[in-house]
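The values are calculated or read from the model by the stated rules, or taken from the named source; none is laboratory data. Since this is a predicted model, take the numbers as computed values, not measurements. Using ideal geometry, Cβ is built from the backbone for each residue, glycine included, and neighbour counts are taken over all protein chains shown.
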Amino acid sequence: MSIEIIKDCIANTLNLTPEEQKTLTEHSGVNSIKGWDSTSHIDIILEIESALDIWFDDDLIGSLITINDFVKYIRKFNRRHVFKNLGKSLMPKGGKHE
């Protein structure tokens with residue numbers, strides 16, 4: 001997963017100029033990116049979910065306030081998703097262990 005995808009989603013959602021997008025770092029977030037408010041936060045969430053085919057836990061959305069917060073969450077999501085699917089693939093047909 002590339003941090004650049006998250007930066008692109010944020011830049012697209014907030015209509016940042018290419019120069020503004022170049023200034024984004026992993027520490028950039030709600031307090032430092034022009035136009036990132038509560039309404040655009042939801043739009044950013046939806047854009048990232050769509051771009052990466054993931055979903056964010058509703059209870060945690062408010063805590064995702066920097067690019068790095070998104071990166072960390074997505075890495076955890078991917079690990080959970082991989083292990084969840086791995087568990088399914090190890091199940092015998094019929095879904096029950098003998």
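Summary of values
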quantity	calculated
Residue in the range 25-34 that is touching a Phe, Trp or Tyr at 6+ places or on another chain (Cβ under 8 Å), of a type in the set (Gly, Ala, Ser) and modelled with pLDDT of 90 or more present	yes
Pair list, Cβ < 6 Å and 6+ apart or interchain, from the range 45-64 residues that are β-branched (Val, Ile, Thr) to residues that are assigned to a helix (DSSP H, G or I) and modelled with pLDDT under 95	ILE45/ILE61; ILE54/PHE77
Unmet requirement for MET1, which otherwise passes all of (1) modelled with pLDDT of 95 or more; (2) hydrophobic (A, V, I, L, M, F, W, C); (3) not in a helix (DSSP H, G or I)	(1)
Selected residue (criterion: nearest to ILE3 (Cα to Cα)) from residues of the range 22-40 that are in contact (Cβ under 8 Å) with a residue 24 or more places away in the chain and of a type in the set (S, T, N, Q)	THR25
Test: residue in the range 73-93 that is in a helix (DSSP H, G or I), over 15 Å from ILE5 (Cβ atoms), among the polar types (S, T, N, Q) and at pLDDT 95 or above	no
Some residue of the range 48-62 being hydroxyl-bearing (Ser, Thr, Tyr) and either under 13 Å from CYS9 (Cα atoms) or at pLDDT below 90 (or both)	yes
